[in-house]
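These notes concern the structure reproduced below.
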Amino acid sequence: MAIDERTNKRKVKVITVTGGKGGVGKSSVSLNIAVALTLLGKKVMLFDADLGLANIDVMLGLKVDKNLGHVLNGECELKDILQTGPHGLRIVPASSGLKQMVELSVEQHAGLIRAFSTLDEDIDYFIVDTAAGISDMVLSFCRAAQDVLMVVCNEPTSVADAYAQMKVLSRDYGVKKFKIIGNQLHSLDEGKLMYQKLVAVTERFIDATLELVACIPVDMNMRKSIRQRSCVVDLFPTSPAARAFKTLANRITTWPIPDVAGGHLEFFVENLISADKKN
């Protein structure tokens with residue numbers, strides 16, 4: 001991947017959206033957060049980081065000719081695959097159904113993370129939608145972010161898998177803070193109960209801090225928007241789920257960006273270093 005010398009030195013807020021278990025709605029959460037932020041006038045880039053089973057482009061009905069697989073094969077540069085979604089949202093599409101994409105080495109993950117700093121894009125927020133589980137790829141992308149959003153449903157398997165993922169990230173990767181999003185909930189009380197279950201088990205075995213930042217309700221408009229190749233905040237802006245995502249987006253705008261780099265590999269770390277030198 002060739003390095004473009006015209007790098008953007010603006011500090012970028014990097015948020016990874018993950019979940020221990022598949023099927024908890026990570027991609028829908030990532031997409032709706034990203035679009036909700038654009039509706040607030042923010043410049044947002046969404047990275048579909050489920051490298052082997054990408055679906056953000058499918059969810060939006062985008063026609064993608066080149067994706068991250070082509071970049072990693074040396075056929076084009078990262079800037080060449082960027083897509084534009086709703087309200088100017090910039091999207092980095094990954095590939096789907098390519099086994100080699102989920103077998104990248106740790107060095108290749110690091111090279112990919114560094115490559116984003118070469119983009120000449122004006123970005124306020126960079127949202128990373130990871131795969132589920134505890135693969136090296138998922139763990140690397142979580143550690144490279146400033147905030148980790150853990151999507152959890154009120155199901156025993158989802159809570160158990162979220163705990164397992166946080167345990168590995170805390171113990172082996174030094175991630176000590178997790179922001180919890182309760183998804184597909186029937187009430188706010190259900191979300192709080194789910195969160196209490198998660199806190200009860202993590203407090204005993206993990207050196208980490210948890211914070212419940214959103215409870216996204218069950219909303220049939222979510223399914224309708226997916227079928228119509230859109231997202232709920234755009235297609236059904238007054239629906240319960242859309243209102244919850246918009247509230248979360250407003251909350252996200254208050255989260256601080258670190259003043260200095262964290263001392264490990266991070267997305268857009270050069271921007272933090274450059275900004276620090278200017279101060």
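Across region 178-194, computed HN-Hα scalar couplings (Karplus, 6.51 cos²θ - 1.76 cosθ + 1.60, θ = phi - 60°) run 10, 9, 9, 10, x, 10, 6, 9, 8, 6, 5, 4, 4, x, 5, 5, 4 Hz from first to last residue, x flagging Gly and Pro. Shown in residue order for region 208-223 are the 3J(HN,Hα) couplings computed by the Karplus curve 6.51 cos²θ - 1.76 cosθ + 1.60 at θ = phi - 60°: 8, 10, 10, 9, 7, 10, 6, 10, 9, x, 4, 8, 4, 5, 4, 5 Hz (x for Gly and Pro). With a Cα cut-off of under 29 Å and a minimum spacing of 8 residues unless on different chains, the lysine pairs in region 109-225 number 13. Shown in residue order for region 234-239 are the 3J(HN,Hα) couplings computed by the Karplus curve 6.51 cos²θ - 1.76 cosθ + 1.60 at θ = phi - 60°: 8, 7, 10, x, 9, 6 Hz (x for Gly and Pro). Checking the a/c ratio against 1.5 first, then a/b against b/c, what shape does the Cα gyration tensor give for the chain? Taking the square roots of the gyration eigenvalues as a ≥ b ≥ c, the chain is rounded. Calculated mean residue ellipticity, 222 nm, the chain: -12000 deg cm²/dmol, from DSSP H runs (n ≥ 4) at -39500 (n - 2.57) each, averaged per residue and rounded to 500.
If you take all other residues with their beta carbon under 13 Å from the beta carbon of CYS153, and give Lys and Arg +1 and Asp and Glu -1, the sum is 0.
Counting only GluC sites (Glu not before Pro) that are in a DSSP loop and have at most 11 other C-beta atoms within 10 Å, tell me the longest site-free stretch of the chain. In the chain, the maximal stretch lacking such sites is 76-279. Taking the Cα centre of each part, how many Å lie between region 150-176 and region 201-237? Rounded to whole Å, the Cα centres lie 16 Å apart. Across the chain, Cα pairs under 8 Å and at least six residues apart give a relative contact order of 27 percent.
For region 136-270, the square roots a ≥ b ≥ c of the C-alpha gyration tensor eigenvalues yield an a/c of 1.5 or more together with a/b not exceeding b/c, which makes the shape oblate.
Within the accessible area of the chain, what % is carbon and sulfur when the probe is 1.4 Å and the other protein chains stay in place? Working shown, then result.
On the way: 6220 of 12390 Å².
C and S fraction of accessible area: 50 percent.
Distances between placed amide hydrogens fall under 5 Å for LEU53 paired with GLY97, all partners being 5 or more residues away or on another chain. Ranking THR157, ALA241, VAL44 by how far each Cα lies toward the positive end of the dipole of the chain (charges on Cβ) leaves ALA241 at the top.
Per residue, region 91-223 exposes an accessible area of 43 Å² to a 1.4 Å probe, with every protein chain left in place. Think of the chain as a dipole: +1 on every Lys or Arg Cβ, -1 on every Asp or Glu Cβ, centred on the Cα centre; then among ILE226, ILE206, LEU62, ILE226 lies furthest on the positive end.
For Cα pairs less than 8 Å apart in space and 6+ apart in sequence, what is the mean separation divided by the residue count of region 153-212, i.e. the relative contact order in percent? Relative contact order comes out at 47 percent.
The values are calculated or read from the model by the stated rules, or taken from the named source; none is laboratory data. Source: prediction; values computed, not measured. Because the Cβ atoms are built from the backbone with ideal geometry, glycine has one as well, and the counts that use them run over all protein chains shown. The accessibility values were calculated without ligands, DNA or RNA, using every heavy atom of the protein model including side chains. Shrake-Rupley method; radii C 1.70, N 1.55, O 1.52, S 1.80 Å.
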